[in-house]
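The structure appears below as structure tokens.
The values are calculated or read from the model by the stated rules, or taken from the named source; none is laboratory data. No experiment lies behind these values; they were computed from the predicted model shown. Here Cβ is always computed from backbone atoms with ideal geometry, including for glycine, and neighbour counts include all displayed protein chains.
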Amino acid sequence: MALNKQHDGPLVAAGIALGVGLGGFVDGILFHHCCSGTKCSARLPPDTLVAMKVNMMWDGLFHVLTWLMTVVGIALLWRAGGREDVPWRGRTLVGGLSLGWGLFNFVEGLVDHQLLGIHHVHPGAHELAWDLGFLGSGLLCIALGIALVCPARR
């Protein structure tokens with residue numbers, strides 16, 4: 001990825017941090033809570049009050065980390081916006097967001113779903129297909145982000 005580091009780097013960094021944070025929020029809210037498909041610590045079946053509290057604690061810590069990444073992204077965006085040498089391009093920011101979201105999906109999917117087996121996108125039948133789809137969505141977001149950020153594409 002050929003970045004013009006003197007100009008685009010701060011905006012791309014802000015986008016990546018925001019993308020990781022927002023990607024984590026969507027994952028946590030949509031999959032962990034709304035769809036109830038998974039919890040951060042799904043190895044503990046929520047059949048006792050203690051197990052439910054442990055699961056809620058891990059989900060809460062996950063949300064704290066995604067919130068912190070979002071705050072870092074906002075701070076980086078604020079700094080980039082105050083610099084005259086950083087061109088304000090929506091394409092660059094959206095590319096960074098897509099890169100960050102894709103990195104979140106790919107790393108979280110690879111580590112939590114495949115390597116550690118902590119939880120899966122949709123446990124049960126076709127579990128691997130759901131997990132591979134999640135990894136694929138991460139790679140697709142990364143590819144889109146590179147296409148948007150790469151100066152040769154402008």
Whether any residue in region 53-70 is closer than 21 Å to L30 by Cβ, outside any helix (DSSP H, G or I) and of a type outside the set (S, T, N, Q) is what I want to check. no
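Going by the structure shown, is V94 part of a loop (DSSP other than H, G, I, E, B), touching a residue at least 40 places away in the same chain (Cβ under 8 Å) and closer than 22 Å to G9 by Cβ?
No; evaluated as a whole, the condition is false for this residue.
Take the residues in region 133-154 that are modelled with pLDDT of 90 or more and over 16 Å from the mean Cα position of the chain (by Cα), then tell me which one is surrounded by the fewest Cβ atoms within 10 Å (Cβ to Cβ). Write out each step before concluding.
Step one: list which residues in region 133-154 are modelled with pLDDT of 90 or more, which gives 133-149.
Remaining after also requiring over 16 Å from the mean Cα position of the chain (by Cα): 147-149.
Working: A147: 14, L148: 22, V149: 27.
Only one residue fits best here, namely A147.
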Does at least one position in region 113-122 carry a residue that is in a helix (DSSP H, G or I) and either at positive phi or touching a helix residue (DSSP H, G or I) at 6+ places or on another chain (Cβ under 9 Å) (or both)? yes
